[in-house]
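Worksheet for the structure shown next.
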Amino acid sequence: MSNRIQIFDTTLRDGEQVPGCQLNREEKVEVALQLELLGVDIIEAGFPISSPGDFASVQAICDAVKEPTICALTRAKKEDIDAAVAALKTARKPRIHTGIGSSDVHIKHKFNSTREEIIERGVWAVKYAKSFVEDVEFFAEDAGRADLAFLAQLTREVIKAGATVVNLPDTTGYLLPHVMHERIKYLYENVDNIHQATISMHNHNDLGLATANTIAGIQAGARQVEVTINGIGERAGNTSLEEIAMILNVHKDLGFTTGIKPKYLYPTSTLVSNLMGMHVQPNKAIVGANAFAHSSGIHQDGFLKHAQNYEIMNPEDVGVSSSAILLTSRSGRAALRHRLTLLGFDFEKPELDKIYTRFLLMADERKMIHDEDLRELIG
């Protein structure tokens, strides 16, 4: 089994479902071209049957993007698949992503159906999509809560029908990492044709475990991950692309690789945030404003002595220009001296102690101290 992890980006489909974050066709193409530059393997460009605008956007992305596979989502319905086929007509590497619910909750309360009928509909959808494109991905929605023996049976049948990828979403973000690992391991041990397809993770973040569950799935055998920039998506969002990419990059001992070029992570995050008008929380891993910022005196002193005391990544590696030393009332003399030196001032210890006393009073009042404040402080 290859240790190359395929990065399937669904920012333009699942990510764009966030209320108020819809993009027009030109903006979607701009994001798609940036994702291509970033090095993603598959771009899920949209859900063509959902609206004329989404259909046109998928077409435009197919025309603009050269390297990644372009994927369109469908339900297990003829009209959905027909729309996807038409939208993907000019794609160099098209993929249809079709599927149906797999948990008893969905089977009963969403589809008013039975397990037998779900398998029949899933197999039909894969075969019908396969008559148009070679690359067909099947999603077993709410696989995280599906009966495991039934999920194994469904996986076996859709692979037999021609699915090249089987996506096992934790649609509600319910699973714990060790349970995710056990479930994927079970499938590898009980689905006799599983090696004929790629197993994919698509985890939601309702309990804050999307990234952990995705890593657990990779360790159990999944070789595709479905992610979004900044972790955006339905409800609490999806697995964050930048987190998965850098976990695998930093933990090289795991033995997994991706095609992601990390230096484009921060620029891509910024582009998506700006176009969607969706602020990235400051403490967001990898791309948040505070991800490489230090404000505690103890941390600042250690960082200034040796960056690896408090940083496991270089900010430049992910496209951030540099780390930041933020001056607050929690900062120590080392950080104050560092900032004053950058401004061209050099004080002996007695004078620095006096300035530091005045600095703390100012910092308590103003919360954050900037360069102009320091110039005012020293007159």
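Data table
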| quantity | calculated |
| --- | --- |
| Placed amide H near G46: partners under 5 Å, 5+ positions off or other chain | L73 |
| Between helix 333-342 and the chain: long-axis angle, C-alpha atoms, 0 to 90°, nearest 10 | 90 degrees |
| Net lengthening on full extension, D371/E30 (0.36 nm per residue, minus Cα-Cα) | 119.1 nm |
| Overall Cα dimensions of segment 154-299 - principal axes, largest extent first, Å | 56, 33, 28 |
| Average projected area [Cα convex hull, segment 231-379], square nanometres | 11.2 nm² |
| Relative contact order [Cα under 8 Å, 6+ residues apart], segment 43-99, whole percent | 39 percent |
| Note, ³J(HN,Hα) from phi for segment 188-202, Karplus 6.51, -1.76, 1.60, rounded to Hz, x at Gly and Pro | 5, 8, 10, 10, 5, 10, 4, 6, 7, 9, 8, 8, 10, 9, 9 |
| Over segment 25-156, volume per residue of the alpha carbon convex hull, in Å³ | 112 Å³ |
| Bins of 10 Å from zero: percent of alpha-carbon pairs in segment 187-252 | 22, 48, 25, 5 |
| Given the chain, longest segment not containing exposed loop GluC sites (Glu not before Pro) (DSSP; at most 14 other Cβ within 10 Å) | 135-347 |
| P(r), alpha carbons of segment 295-358 - 5 Å bins starting at zero, rounded % | 4, 17, 24, 24, 17, 8, 5, 2, 0 |
| Alpha-carbon centroid distance for the pair segment 53-120 / segment 142-211, whole angstrom | 18 Å |
| Distance between modelled label sites at K354 and E67, nm, 7 Å Cα→Cβ extension | 5.9 nm |
| Value of Rg to Rh for segment 7-73 (Rh from inverse mean 1/r over Cα pairs, i.e. Kirkwood) | 0.92 |
| Debye-sum result for the chain in log10 I(q)/I(0), which assumes one identical scatterer on each alpha carbon, at q = 0.11 Å⁻¹ | -0.78 |
| Segment 140-180: radius of gyration and largest Cα-Cα distance (Dmax), Å | 10.7, 31 |
| Angle in degrees between helix 25-38 and the longest Cα principal axis of the chain, rounded to the nearest 10 | 80 degrees |
| 25 °C / 0.890 mPa s Stokes-Einstein diffusion coefficient of segment 267-324, Kirkwood radius on C-alpha pairs, µm²/s | 200 µm²/s |
| Value of [θ]222 nm, deg cm²/dmol, for the chain, DSSP H segments ≥ 4, -39500 (n - 2.57) each, nearest 500 | -13500 deg cm²/dmol |
| Simple spin-label estimate for K127 and V250 in nanometres, 7 Å along Cα-Cβ | 4.8 nm |
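Taken together, the values in this text are just the output of simple stated rules run on the coordinates, not laboratory data. No experiment lies behind these values; they were computed from the predicted model shown. Here Cβ is always computed from backbone atoms with ideal geometry, including for glycine, and neighbour counts include all displayed protein chains.
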